[in-house]
Structures are given as structure tokens and as C-alpha cells.
């Protein structure tokens with residue numbers, strides 16, 4: 001929970017909802033938000049060294065030396081998959097980051113629930129003024 005002073009520092013941000021760069025799945029219109037999910041491009045920019053998504057080749061993942069920087073854990077410490085705002089290869093799929101830190105560009109079902117096999121979560125993003 002944020003204090004009133006902290007809330008006042010959260011920047012309202014213009015969000016571009018780009019289409020999936022490999023499959024062309026429509027990302028929809030832009031929005032203005034204070035809290036949002038990262039796109040594939042933003043994950044590559046902020047959680048990869050190169051800042052470039054590169055080529056997926058024959059793979060459905062971006063699998064590189066930055067996987068460990070993208071891993072997330074559930075509150076119990078178990079690994080968790082997390083959802084991005086970029087659509088997957090179909091409109092009902094969303095790109096995700098796997099429990100191993102790979103970016104799944106084909107995506108996963110947008111309504112995927114956590115299971116005994118793995119947790120599913122989100123990593124909200126926001127910009128804060130100094």
C-alpha cells in the first residue's frame with residue numbers, strides 16, 4: 001500500500017500496446033495508466049543487456065544469458081511465471097516470462113490460473129518522480 005505522498009509521485013504514463021513483433025497479433029489501442037504490465041520490448045530493454053529482442057529463430061522463446069534477471073518467485077519462494085501486456089501468437093494469449101526466465105513470445109492463456117506445477121503472477125511496473 002502506498003502513502004498519499006507516494007501515490008502523488010506515481011507518474012501517469014502513455015502506454016503503447018504494440019502488436020506482437022513476430023506474429024503481428026494486435027496489441028490494441030494505447031492507454032494512460034499509472035500502473036501497467038511490461039511489454040516484450042520493455043522486458044528486453046530493462047531486463048536484458050542488449051536492449052534488442054533479436055530473432056526468435058525456430059524457437060518460441062527469447063532464451064539468453066539474461067534469463068536469471070527475469071526470474072520471479074511467489075511469496076512462498078517457489079518460482080513463478082509472469083504475464084506481459086504484449087499479446088502472444090493468438091488474441092487470447094499473452095506473452096509471458098517462464099519460471100526459468102525465458103520470454104515466451106507465443107504466450108500463454110490470459111486467464112491461466114496457478115497450479116501445483118507453477119504459480120502465475122504479474123510484476124506491475126510504474127514510473128516514480130524523484
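Here are the numbers for the structure shown:
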read-out	value
Candidates 81, 123, 112, filtered to the one that is touching a strand residue (DSSP E or B) at 6+ places or on another chain (Cβ under 7 Å), in a loop (DSSP other than H, G, I, E, B) and closer than 23 Å to residue 45 by Cβ	123
Where a residue in region 57-68 is assigned to a loop (DSSP other than H, G, I, E, B) and its partner, wherever it lies, is modelled with pLDDT under 85 and surrounded by fewer than 16 Cβ atoms within 10 Å (Cβ to Cβ), with Cβ under 7 Å and at least six apart	66/49
Members of region 17-37 that are exposed (fewer than 11 other Cβ atoms within 10 Å of the Cβ) and within 22 Å of residue 62 (Cα to Cα)	24
Residue satisfying all of: in region 101-111; in contact with a helix residue (DSSP H, G or I) (Cβ under 9 Å, 6 or more places away or on another chain) and touching a residue at least 40 places away in the same chain (Cβ under 8 Å); surrounded by the most Cβ atoms within 10 Å (Cβ to Cβ) among these	103
Subset of region 5-17 that is assigned to a loop (DSSP other than H, G, I, E, B) and either without any contact (Cβ under 8 Å) to a residue 12 or more places away in the chain or within 11 Å of residue 129 (Cβ to Cβ) (or both) - its residue that is farthest from the chain's Cα centre (by Cα)	9
Residues located in region 69-78, provided they are in a loop (DSSP other than H, G, I, E, B) and touching a strand residue (DSSP E or B) at 6+ places or on another chain (Cβ under 8 Å)	71, 74, 78
The one condition in (1) in contact (Cβ under 8 Å) with a residue 24 or more places away in the chain; (2) farther than 16 Å from residue 122 by Cβ that residue 45 fails to fulfil	(1)
Some residue of region 112-127 being touching a helix residue (DSSP H, G or I) at 6+ places or on another chain (Cβ under 9 Å) and modelled with pLDDT of 95 or more	yes
Residues satisfying the stated conditions in region 18-43, i.e. part of a loop (DSSP other than H, G, I, E, B), over 12 Å from residue 90 (Cα atoms) and touching a strand residue (DSSP E or B) at 6+ places or on another chain (Cβ under 9 Å)	18, 21, 28, 30, 34, 35, 37, 38, 39
Region 69-100: number of residues that are without any contact (Cβ under 8 Å) to a residue 40 or more places away in the chain and surrounded by fewer than 21 Cβ atoms within 10 Å (Cβ to Cβ)	10
Some residue of region 47-58 being under 28 Å from residue 2 (Cα atoms) and either in contact with a helix residue (DSSP H, G or I) (Cβ under 9 Å, 6 or more places away or on another chain) or at pLDDT 90 or above (or both)	yes
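The values are calculated or read from the model by the stated rules, or taken from the named source; none is laboratory data. Source: prediction; values computed, not measured. Here Cβ is always computed from backbone atoms with ideal geometry, including for glycine, and neighbour counts include all displayed protein chains.
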